[in-house]
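Nothing in this text is a laboratory measurement; each read-out follows from the coordinates by a stated rule. Computed from a predicted model, the values in this text were never measured in an experiment. Ideal geometry is used to build each Cβ from the backbone, glycine not excepted, and the neighbour counts take in all protein chains shown.
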Amino acid sequence: MESLRKSLVDCGQEHLLRFWDQLSENERNELCKDILELDLVEVTSYYQKAICTSSCMLTNTLDDKVSPIPKGNIASVKTTNKDTLKMYEKLGLQEVADGRVAVLLLAGGQGTRLGVPYPKGMYNVGLPSGKTLFQLQAERILRLQNMAEEECGKRGEITWYILTSEATHDTTVAFLSEHNYFNLKESNVKTFMQGMLPCFTLEGKIILDQKHKIAKAPDGNGGLYRAMKVQGILDDMTRRNIRSVHVYSVDNILIKVADPIFLGYCLSSSTDCGVKVVEKSSPNEPVGIVCKVDDTYRVVEYSEISKVTAELRHDNGQLVYNAANICNHYFTVDFLCSVGNEYEKEMELHAAKKKIPYIDEDGRRNVPTSSNGIKIEKFVFDVFMFAKELAVWEGIREEDFSPLKNGDSAGQDCPSTARSDVLKLHKKWLLNAGATSVTDDVEVAPLLSYAGENLSHVQGQSFGGPYVLE
């Protein structure tokens, strides 16, 4: 006890033992376990670093430090000729056929803003098929494996790694098991949990959620890198001889899982780190942009540059800072290992002011109505600065990005817009393949077509919804 008390005093956190005399033996053991699991010196330094980063963001814009992505490091599906696109696709499919591709899904978020008490991946936006986000993604993986086998004459398997959180892990594992992993092999679906960090008061004191329990929160999607190392995911990737890893967020219903064109572009660029972006819809769209800061690649939040800089345009009218980040990344396993082993501790930390329940000095639990504390997060894209070279691929918003974040009352990034965007894309596929008309809700199953291919049989046909082409 004296050793524990001394380490707390040294880090200014002795208040965590304030209610010691009121605790049962079990509660004392639980509190000791909570405290001993922390590297107190490290986590208290996290608070200082996060506050420093956030203060810099609030007080200084990056206008005099930012520069756009160099032309040699960015290419677009819209301006790349068909032969080159086919070459990229073949490279990507060969990587799949050789069994060297993994996809890594960021699925730690709950559906709180959606208004549901379960993980977002289990959400059904109301497509004619009734498929959840998890099922749509799993079936795209299966289709991609089939495409690679057809193209290369060799069957490769994609490993699906799923990053969960304490709040989503058990429910996610049970859901996938219950649905037989949507016909993926169980051995190729691996779940692992992101870490937790203590919550702090605005003055830097660790918050007690109960008299015997520290308040904690997930460490952000950038906690991915430590979790991969600590939980053996990097070792598993190495054992499987994986080279290319596609990392993406669960809430993008249009995600092209392990998009072979994006993979092929990154492979042909010999890059260790790649990012897919889309054009910003307007100068004031509240999204991060991929650019350079002091000659280092970063994602800069819309609040970090001025309105004047956000509105800068080239002579052709295109925005100078146009590359909207959509959480769609390529990494080599070698790069992920170097981050896990060397760079992870150098990652930026971000402080988010939140309403955090707490035990007051009288031992009463309070649920605040305004922000009273700090949650510390790491962001997945904060490793760009460690890349030897970054390759940027610009996709098409209508084909690549439709996030599901809010309930329908918000009117954007919600189930209605997600469903509409899928059905619009599928209608386009069918008309391009020669269908004479498509009315109402007509869906193309992922197992039939990954990105509009394999639909020649629809030529001359009419379709009316609700209907699913299987």
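Given (1) 20.4; (2) 39.9; (3) 24.5, which label gives mean projected area of the Cα convex hull in nm² as computed from the coordinates?
The value computed from this structure is option (3).
Can you list the equivalent-ellipsoid semi-axes of the stretch 293-402, largest first and in whole Å, using the square root of 5 times each Cα gyration tensor eigenvalue?
Values for the stretch 293-402, descending: 34, 22, 14 Å.
Taking a threshold of 21 Å on the Cα-Cα distance, which of the pairs K205/K375; K6/K229; K280/K354; K49/K213 fall above it?
Over 21 Å Cα-Cα: K6/K229; K280/K354; K49/K213.
Tell me, in nm to one decimal, what length is gained between K354 and T436 on full extension, where the rule is 0.36 nm per residue of separation less the Cα-Cα distance? Provide the component values of the computation, followed by the final result.
Details: separation 82, 0.36 × 82 = 29.52 nm, distance 5.29 nm.
Taking 0.36 nm per residue and subtracting the Cα distance, the gain is 24.2 nm.
Could you give the size of the charge dipole of the chain about its Cα centre, using +1 on the Cβ of each K and R and -1 on the Cβ of each D and E, expressed in debye and rounded to the nearest 20? If you can, show how the numbers build up before the last one.
Working: 53 positive and 65 negative charges, 80 e Å.
Roughly 380 debye, rounded to the nearest 20.
So what's the gap between the Cα centers of the stretch 149-220 and the stretch 356-377, to the nearest angstrom?
26 Å
Using Cβ counts within 10 Å as a stand-in for footprinting exposure, how do K78, K256 rank, fewest first?
So the ranking, lowest neighbour count to highest, is K78, K256.
If you bin every alpha carbon distance in the stretch 240-340 into 5 Å steps from zero, what whole percent lands in each bin?
Percent of pairs per bin, in order: 2, 11, 19, 20, 19, 14, 9, 3, 1, 0.
Using R₀ = 22 Å, calculate the FRET efficiency as 1/(1 + (r/R₀)^6) where r is the Cβ-Cβ separation of M1 and K213; round to 0.05. Before the final figure, lay out the partial values.
Values: r = 18 Å, r/R0 = 0.82.
Efficiency computed from Cβ-Cβ geometry: 0.75.
When the Cα atoms of the stretch 286-351 are enclosed in a convex hull and the volume is divided per residue, what value in Å³ results?
139 Å³
Using the Kirkwood radius built from alpha carbon pairs, what does the Stokes-Einstein equation give as D for the stretch 408-470 at 37 °C and 0.692 mPa s, in µm² per second?
Working: Rh = 12.1 Å.
Estimated via Stokes-Einstein, D reaches 272 µm²/s.
Suppose R0 equals 30 Å. What FRET efficiency, 1/(1 + (r/R0)^6) with r the Cβ-Cβ distance, do R18 and V173 give to the nearest 0.05? Don't skip to the answer; put the middle values down first.
Details: r = 37 Å, r/R0 = 1.23.
Efficiency, rounded to the nearest 0.05: 0.20.
To the nearest 0.05, what FRET efficiency results for N284 and I396 with a Förster distance of 30 Å applied to their C-beta separation?
Computed FRET efficiency for N284 and I396: 0.90.
Can you give me the distance in nm between label points at N26 and E42, each placed 7 Å from the Cα along the Cα-to-Cβ direction?
Once both label points are built, they end up 3.0 nm from each other.
Just rank S449, S244, fewest to most, by other beta-carbon atoms within 10 angstrom. It would help to have the intermediate numbers written out before the result.
On the way: S449 20, S244 24.
Ranked by crowding around the Cβ, least crowded first: S449, S244.
In nanometres, what is the gap between the two model label sites at S456 and S306, each 7 Å from Cα along Cα-to-Cβ?
Label-label distance for S456 and S306, simple model: 5.8 nm.
For V468, V308, V290, what's the fewest-to-most ordering of other Cβ within 10 Å of each Cβ?
Working: V468 17, V308 10, V290 26.
So the ranking, lowest neighbour count to highest, is V308, V468, V290.
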